[in-house]
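First up is the structure itself, then whatever we jot down about it.
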Amino acid sequence: MHTIIEPFRIKSVEPIYFTTRQERIQILKQAHYNPFLIKAKDVVIDLLTDSGTSAMSSEQWAGIMRGDESYAGSDSFFRFQHVVNDITGMPFVIPTHQGRASEKIIFTILGGRGNYVLSNTLFDTTRANVEFSEATGVDLLCEAGRDPALEAPFKGNMDTEALLSFIEEKGAAAISMVMLTLTNNSGGGQPVSMANIREVSSICKQYGVLLFIDACRFAENAYFIKLREAGYETKSVIEIAKEIFSYADGCTMSAKKDAFANIGGFIAVRDEQLTEKCRNLLVITEGFPTYGGLAGRDLEAIAIGLREVMNEDYLKYRIRSIQYIGEKLDVYNIPYIKPTGGHAVYLDAKRFMDHIPVHEYPGLALCSALYVEGGIRGVEIGSVMFGKRAEDGSLISPPMELVRLAIPRRVYTQSHMDYVTEVVAEVYKQRRRYLGYRITHEPPFLRHFTARFEPV
Ligand code: F0G
């Protein structure tokens, strides 16, 4: 049989509310053309994020009931800790309420003015936390990763030559850490190869620089290694995951992604002194070390989800279902980052909306079009999210203008995705009808969440 089916049955459902095109034009205007400001009930298919939007399994819901809500020494914490220890091999585990809370703690300790955090690509919250500590985030993505049309197996790899010369130039003492984002969310959900992780690790060891992994989508990355890297075909995903973490000194994770949890995260590290410093900050802002920012029930759901995500029937379906969307877009030659990534399809808005200049935010224009035509909510990953202002106020834009259609885990079916590709194709046919935007209001950090826009 060729059809790869969803490896689950649906036990509980939520309604989708339908709106008309005319209603959506009004809703978008009221939301100041920012998809983050649209009410969820006004969205038909919500592809804003794969974060915290997963359908939990019946086992996870059972775990929710089992959660031990003791303030200190909760049983749920020990089950959670055991799973994280097992997968990462790291002895110290610090629960947090989500990924950015882990980042805030780590970069408060290891960031700071004059220091650099080097990465394949830092995600928005990670970069914001690095910059908030007054350190500088530097993305050193391999060349293949910067070419959206190129088909290559590991476009999330770090450019190791650039890494070496950066360390040589600035000196190892100025590097807070290297952080590898698995998979590379801002660059197409593309995986990093084991060879690259190994090489980055050996450079870090040579210079005494810490290596951390942003492990949000570690299982999707591990599965890509199994599919695409010689020598890993017969290894299990857990073996691959263990090898990945074996090269690192620590990791941060948002459990809202590959752990299928609706909230949660953690830091795991090998160093006891660093753990001590993390826990000191944790108790001030998150909570006692055995619950962090979470309820016992959340720790249970994460512990179960971390095991479930490594199920290979699930990962096969997951990666294949994203690829399926890409294949449908290929029929119309719609430009997107090739190959499709682990959790999302990234439309190449620069080529899709090639009549809209970058300073008029082609990605945002594409998001608006998808919402108006089909009620689909995607997210711009381009000059709105990562653009900076030069001293004269002009825009310094990132290398790519993308619209990410992130697929929540175990939530939508194939017919939902058929609808999505139909809407994208329709928008593509009529793309010249859509115009650009200007910003009318923006906050200093993570402006994409709350900025307001108006059509040019
Ligand atoms: N690192 C990566 C690679 C992420 O994708 C995210 C979140 C975080 C860190 C922060 O985790 O949300 O739990 O604080 N990404 C979400 C997204 C928001 O839509 O891609 P968080």
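Taken together, the values in this text are just the output of simple stated rules run on the coordinates, not laboratory data. Note that the coordinates shown come from a computational prediction; the quantities given were computed from them, not determined experimentally. Glycine also receives a Cβ, built like all others from the backbone with ideal geometry; neighbour counts cover every protein chain displayed.
Observations
- Amide N proximity, the stretch 168-203 versus residue 227 label position 7 Å along Cα-to-Cβ, cut-off under 18 Å: 182-195
- Residue 449 versus residue 69: modelled label distance in nm, points set 7 Å from Cα along the beta carbon direction: 2.7
- Take the Cβ atoms of residue 17 and residue 419, set R0 to 22 Å, and the FRET efficiency comes out at 0.90.
- Cβ-based net charge around residue 120, under 10 Å, with every Lys or Arg adding one and every Asp or Glu removing one: -2
- For a label point 7 Å along the Cα-to-beta-carbon line of residue 239, residues of the stretch 303-327 with backbone N under 15 Å: 312
- For the stretch 365-416, the spread of Cα coordinates along the three principal axes comes to 48, 23, 12 Å, biggest extent given first.
- Scaled against 2.2 N^0.38 Å for its residue count N, the alpha carbon radius of gyration of the stretch 39-164 is 1.39.
- Residue ranges 164-177, 85-98, 52-65, 266-279 sort as 85-98, 266-279, 52-65, 164-177 when ordered by packing (mean number of other C-beta atoms within 10 Å per residue, highest first).
- Here the gap between residue 429 and residue 165, fully extended at 0.36 nm per residue and compared with their Cα-Cα distance, gives a gain of 90.5 nm.
- Rounded to 5, the percent of DSSP beta bridges in the chain classed as antiparallel: 60
- For residue 109 and residue 288, the difference between the fully extended length at 0.36 nm per residue and the C-alpha to C-alpha distance is 62.6 nm.
- When peptides 70-77, 210-217 are sorted by average Cβ neighbour count within 10 Å, with the highest value leading, the order is 210-217, 70-77.
- Using a Förster distance of 30 Å, the FRET efficiency for residue 276-residue 202 (Cβ separation, nearest 0.05): 0.60
- Cα-Cα separations in the chain greater than 38 Å, expressed as whole percent: 20
- Computed over the alpha carbons of the stretch 275-415, Rg followed by Dmax gives 20.0, 55 Å.
- Stretching the chain fully between residue 61 and residue 146 yields a gain of 26.5 nm (0.36 nm per residue, less the alpha carbon separation).
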